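The next block holds one structure in the form of structure tokens; read it before the comments.
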Amino acid sequence: MIERYGRLDALVNNAAVGRVGRLTDLDAEGVCEVMTTNFVAVADLTRLALPHVRRTQGDIVMVASALAWFPAPPLSLYSATRASVHGLVAALRRQETRDVRVHEILPGFVATEWLAYASGWRPTDARPHAATAIGTAPSRVAAMVERC
Ligand SMILES: NC(=O)c1ccc[n+]([C@@H]2O[C@H](COP(=O)([O-])OP(=O)(O)OC[C@H]3O[C@@H](n4cnc5c(N)ncnc54)[C@H](OP(=O)(O)O)[C@@H]3O)[C@@H](O)[C@H]2O)c1
């Protein structure tokens, strides 16, 4: 980004993986994948972006989840990673008091493909009229990101 555009106005940390299962249902590889994607990458990308975003007085946007507040047992580790992002936001807001705005979005259910698979609410041959997924429209979350 810096090489191509010479500046960075904002970083949106949205990517995540949600492995459904209690902690004991996951193997070591699954634990590493969820932690690396959902927290380590968020912290590391933010570390790399911050000096550039300070220069433009820009924005860091974190998409976490309401599960940060109310962990759901079938998504135990995923919930913990969303809580860790919530903690990082609190720390960054204290650290970046001058030039960077740190935003956090904590959606409830969002009607994405992932939720449809994770919840079993995907239409099947047996249940052709099942909702693709419950939850708020992804476009509403995208609009919140845009407003940051
Ligand atoms: N869906 C919900 O109910 C819900 C509720 C609250 C919060 N959220 C949060 O919303 C955000 C988006 O979730 P979603 O529901 O939209 O999930 P999703 O449909 O599975 O999308 C996840 C996104 O993350 C990307 N991604 C995953 N692993 C990656 C990696 N290693 N490197 C780069 N990109 C990677 C995926 O890219 P590819 O498509 O290329 O794999 C995909 O674009 C997450 O932070 C999640 O915690 C979702």
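What follows draws every value from the coordinates through simple rules; no lab data is involved. The structure presented is a predicted model; accordingly, all values stated were derived computationally and were not measured. Note that each Cβ is placed from the backbone with ideal geometry, even for glycine, and that neighbours are counted across all protein chains shown.
For the reader, a short list of remarks on this structure follows.
- GNM result for the chain, Cα springs below 10 Å: residue of 16, 80, 111 fluctuating most strongly: 111
- The phi torsions of segment 30-38, fed into the Karplus equation with coefficients 6.51, -1.76 and 1.60 and a -60° offset, translate into couplings of x, 4, 5, 4, 5, 5, 5, 6, 8 Hz, rounded to whole numbers, with Gly and Pro shown as x.
- Value of Rg to Rh for segment 66-126 (Rh from inverse mean 1/r over Cα pairs, i.e. Kirkwood): 1.15
- All distinct Cα pairs of the chain go into the 1/r average, and the inverse of that average, the Kirkwood radius, is 16.6 Å.
- nm² value of the averaged projected area, convex hull over the Cα atoms of segment 1-73: 5.9 nm²
- When each of the peptides 5-13, 93-101 is scored by the mean number of other C-beta atoms lying within 10 Å of its residues, the order from highest to lowest reads 5-13, 93-101.
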